[in-house]
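The values are calculated or read from the model by the stated rules, or taken from the named source; none is laboratory data. These numbers were taken from a predicted model, which means no experiment stands behind them. Positions of Cβ are backbone-derived with ideal geometry, glycine not excepted, and every protein chain shown enters the neighbour counts. Just the protein is used for accessible areas: all its heavy atoms, side chains included, with ligands, DNA and RNA removed. Shrake-Rupley method; radii C 1.70, N 1.55, O 1.52, S 1.80 Å.
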Amino acid sequence: MLIVVLAPAGAGKTTLCRDIRKTVANLAYSVSYTTRNPRPGEMEGQAYHFVSELTFQQMVDRGEFAEWARVHGHLYGTAARTLETVLDRGEDILLDIDTQGARQLRARYPQGLYIFVVAPSMRELEGRLKERKSDAPREIARRLARAVDEIAAWREYDYVIVNRHLDEALRQLACIIEAERCRTSRLTLT
Ligand code: 5GP
């Protein structure tokens, strides 16, 4: 099962995706390719595969991406081979990608599980973006405007998690994954 977690910037998606792998067993993680520079502490092959624009473009030309998009000025993509290797083994894989990429994946993998995470309010989202202190006010305004568009499309997804408290959101995400694992249409008899 392909498990795609989506959210506007600041909703807490990255933390959720990191922590859920500690609570739910047998969950592989899809390491994306990106042209952005590594942040302090980010290791090649763990957070991302860090590549040049040229390498990324060559991968696009060779059709190696299941989806890719430009997000906040950088290129990000999921290699089709990463997904297929895991899915062929009958395992589950978690993806932390943006909403443009999710639309592309939905066309390719309609049977995937698409989960949208939102902050409890726009005020809270703004507060969280300011707290991160990593973005200039103009960038925060840009991300908030984008969040409005992304939230408007909430019906495109299978589930919505309102991230008020991390523990509660984590529990909900774990429950959704466990329930989907029991869905008869996902089971095969061996
Ligand atoms: P960051 O640079 O903060 O790690 O990620 C920025 C945004 O890019 C996040 O919304 C993240 O989910 C998204 N992203 C990360 N990897 C991919 C990917 O492979 N494809 C797409 N479409 N978005 C990605």
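Quick one: which of 131, 139, 124 is more than 13 Å from the ligand (Cβ to nearest atom), surrounded by 12 or more Cβ atoms within 10 Å (Cβ to Cβ) and of a type in the set (Asp, Glu)?
Working: 131 fails: surrounded by 12 or more Cβ atoms within 10 Å (Cβ to Cβ); 139 fails: more than 13 Å from the ligand (Cβ to nearest atom).
Testing whether each residue is more than 13 Å from the ligand (Cβ to nearest atom), surrounded by 12 or more Cβ atoms within 10 Å (Cβ to Cβ) and of a type in the set (Asp, Glu) leaves just 124.
Can you find a residue that is loosely packed, with under 12 Cβ neighbours inside 10 Å and over 24 Å from residue 142 (Cα atoms) anywhere in segment 23-32?
Yes - at least one qualifying residue is present in segment 23-32.
Is it true that residue 43 is more than 10 Å from the ligand (Cβ to nearest atom) and farther than 30 Å from residue 184 by Cβ?
Values: more than 10 Å from the ligand (Cβ to nearest atom): yes; farther than 30 Å from residue 184 by Cβ: yes.
Yes.
If I filter segment 93-112 for residues that are closer than 17 Å to residue 151 by Cβ, of a type in the set (Asp, Glu) and open to solvent by 20 Å² or more (accessible area, probe 1.4 Å), do I get at least one hit?
Within segment 93-112, one or more residues are closer than 17 Å to residue 151 by Cβ, of a type in the set (Asp, Glu) and open to solvent by 20 Å² or more (accessible area, probe 1.4 Å).
Condition check: in contact with a helix residue (DSSP H, G or I) (Cβ under 9 Å, 6 or more places away or on another chain), more than 9 Å from the ligand (Cβ to nearest atom) and closer than 16 Å to residue 49 by Cα. Does residue 83 satisfy that?
Here the answer is yes, as residue 83 does meet what is asked.
Tell me, yes or no, whether segment 171-183 has at least one residue that is closer than 27 Å to residue 56 by Cα and open to solvent by less than 80 Å² (accessible area, probe 1.4 Å).
no
Hey, can you tell me all the residues within segment 6-17 that are surrounded by fewer than 20 Cβ atoms within 10 Å (Cβ to Cβ) and either within 8 Å of the ligand (Cβ to nearest atom) or charged (D, E, K, R) (or both)?
Matches in segment 6-17: 14 only.
In the set 20, 93, 3, 97, which member is in contact (Cβ under 8 Å) with a residue 24 or more places away in the chain and within 11 Å of the ligand (Cβ to nearest atom)?
97
How many residues, within segment 151-167, are touching a residue at least 24 places away in the same chain (Cβ under 8 Å), assigned to a loop (DSSP other than H, G, I, E, B) and either within 12 Å of residue 16 (Cβ to Cβ) or open to solvent by 50 Å² or more (accessible area, probe 1.4 Å) (or both)?
Of the residues in segment 151-167, 3 are touching a residue at least 24 places away in the same chain (Cβ under 8 Å), assigned to a loop (DSSP other than H, G, I, E, B) and either within 12 Å of residue 16 (Cβ to Cβ) or open to solvent by 50 Å² or more (accessible area, probe 1.4 Å) (or both).
What are the pairs with Cβ atoms under 8 angstrom where one residue, in segment 30-52, is in contact (Cβ under 8 Å) with a residue 40 or more places away in the chain and the other, located anywhere, is more than 10 Å from the ligand (Cβ to nearest atom) and assigned to a loop (DSSP other than H, G, I, E, B)? Sequence gap at least six, or different chains.
The qualifying pairs are 31/45; 31/46; 33/51; 34/51; 35/51; 35/52.
What single numbered condition from (1) in contact with an Asp or Glu (Cβ under 7 Å, 6 or more places away or on another chain); (2) charged (D, E, K, R); (3) surrounded by 15 or more Cβ atoms within 10 Å (Cβ to Cβ) fails to hold for residue 146?
(1)
Would you mind telling me which numbered condition in (1) touching a residue at least 12 places away in the same chain (Cβ under 8 Å); (2) out of contact with any helix residue (DSSP H, G or I) (no Cβ under 7 Å at 6 or more places or on another chain) residue 173 fails?
(2)
Any idea how many residues of segment 55-73 are loosely packed, with under 14 Cβ neighbours inside 10 Å and modelled with pLDDT under 95?
Here the count works out to 2.
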